[in-house]
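Written out below as structure tokens is the structure these notes cover.
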Amino acid sequence: MREITGLGRLSPVVVICALIGGCSEGMVRPDGDDHTGSLGEIKSPQTTSRSGDIYVKLAIAYLQSGQLDVALQQAKKALRVEPDSAEAHNIIGLIYDRIGEFPLAERHFRTAIGLEPENSYIRNAYGTFLCKQERYAESVSEFESALANPLYRTPELAYTNAGICIGKMGELDRSESFLRKALETNPRFPVALLEMAKLDLDQKRYQSARDYVLRFSRVSGHTAESLWVGIQVARKLGDWDMASNYLLQLNSNYPDSREAQIARETLIR
């Protein structure tokens with residue numbers, strides 16, 4: 001079930017969260033077909049006194065808009081004028097990850113952590129990278145390091161990431177514990193809400209799964225993935241009206257999505 005609902009990617013919903021020093025309770029823009037993105041964080045520099053900060057901010061803006069080539073140019077400028085900027089190494093690591101240059105991405109993430117080992121945003125970003133590389137135990141260690149910092153402003157991201165990665169290791173009880181901690185921290189965090197819906201669906205807790213789908217829709221609006229999860233839950237509950245409603249929304253709003261394709265292939269049988 002997880003392979004269908006999760007589509008094999010590190011979690012859902014946020015492409016760039018905590019963009020300027022924090023994380024909103026909603027979602028940042030979708031990015032192509034990976035509408036759920038990943039939970040790597042970017043924390044913009046706190047001041048403009050350092051020489052590379054303006055380039056870091058420009059790199060963040062271009063990365064957010066999907067202009068990866070220009071974002072990379074700006075990140076390289078930041079490192080040229082300030083080679084010891086942890087923020088610059090973190091942002092260039094995120095860019096290299098996005099373009100598939102994984103060894104370069106890891107090198108810059110590790111450099112950033114060496115410069116600022118207590119920076120929870122960088123730890124979370126590196127943990128996200130490691131989870132996508134299926135290095136699950138290493139990734140969870142990074143998330144736990146991020147959470148060890150009492151000044152971390154968006155712990156719900158690292159809790160959620162840890163829950164997702166631990167779930168990929170098959171430790172569902174521990175995964176659920178981390179997801180619940182994320183929702184204790186921020187009850188309206190959409191990523192954790194959808195992950196809990198998927199976990200409950202996998203565990204045949206269909207009423208609870210439906211509640212999480214509804215909570216997700218109230219705080220963020222439906223995505224293709226949440227609609228497909230909702231369809232599956234509604235069918236398990238025998239609520240054919242709700243299943244039909246979700247299917248109509250999926251085909252109307254996301255006709256070319258992988259979820260719509262799966263729904264069509266599955267439901268016509």
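The values are calculated or read from the model by the stated rules, or taken from the named source; none is laboratory data. Model, not experiment: these values are computed from the prediction. When we count neighbours, we look across all protein chains shown, and the Cβ atoms used for this are built from the backbone with ideal geometry, even at glycine.
Things worth noting here:
- Qualifying residue in the stretch 134-142 (condition: under 17 Å from the mean Cα position of the chain (by Cα), surrounded by 15 or more Cβ atoms within 10 Å (Cβ to Cβ) and not in a helix (DSSP H, G or I)): yes
- Counting only helices (runs of 4 or more DSSP H) that sit completely within the stretch 171-238, those holding 1 or more residues that are under 20 Å from Y254 (Cα atoms) correspond to 190-202, 206-220, 224-237.
- Residue, nearest to R205 (Cα to Cα), within the stretch 217-238, restricted to residues that are more than 23 Å from the chain's Cα centre (by Cα), touching a residue at least 12 places away in the same chain (Cβ under 8 Å) and surrounded by 15 or more Cβ atoms within 10 Å (Cβ to Cβ): K236
- Of the residues making up the stretch 98-109, those that are part of a helix (DSSP H, G or I) and not small (G, A, S) are R98, F102, P103, L104, E106, R107, H108, F109.
- Some residue of the stretch 176-188 being of a type in the set (A, V, I, L, M), surrounded by fewer than 17 Cβ atoms within 10 Å (Cβ to Cβ) and without any contact (Cβ under 8 Å) to a residue 40 or more places away in the chain: no
- Residues that are modelled with pLDDT under 50, within 12 Å of the chain's Cα centre (by Cα) and among the aliphatic types (A, V, I, L, M) number at least 1 in none of the helices (runs of 4 or more DSSP H) confined to the stretch 1-97.
- Residues that are surrounded by 24 or more Cβ atoms within 10 Å (Cβ to Cβ) and either in contact (Cβ under 8 Å) with a residue 24 or more places away in the chain or within 21 Å of L183 (Cα to Cα) (or both), drawn from the stretch 107-128: A112, S120, Y121, I122, R123, N124, A125, Y126, G127, T128
- Meets criteria (small (G, A, S) and touching a strand residue (DSSP E or B) at 6+ places or on another chain (Cβ under 8 Å)) for A125: yes
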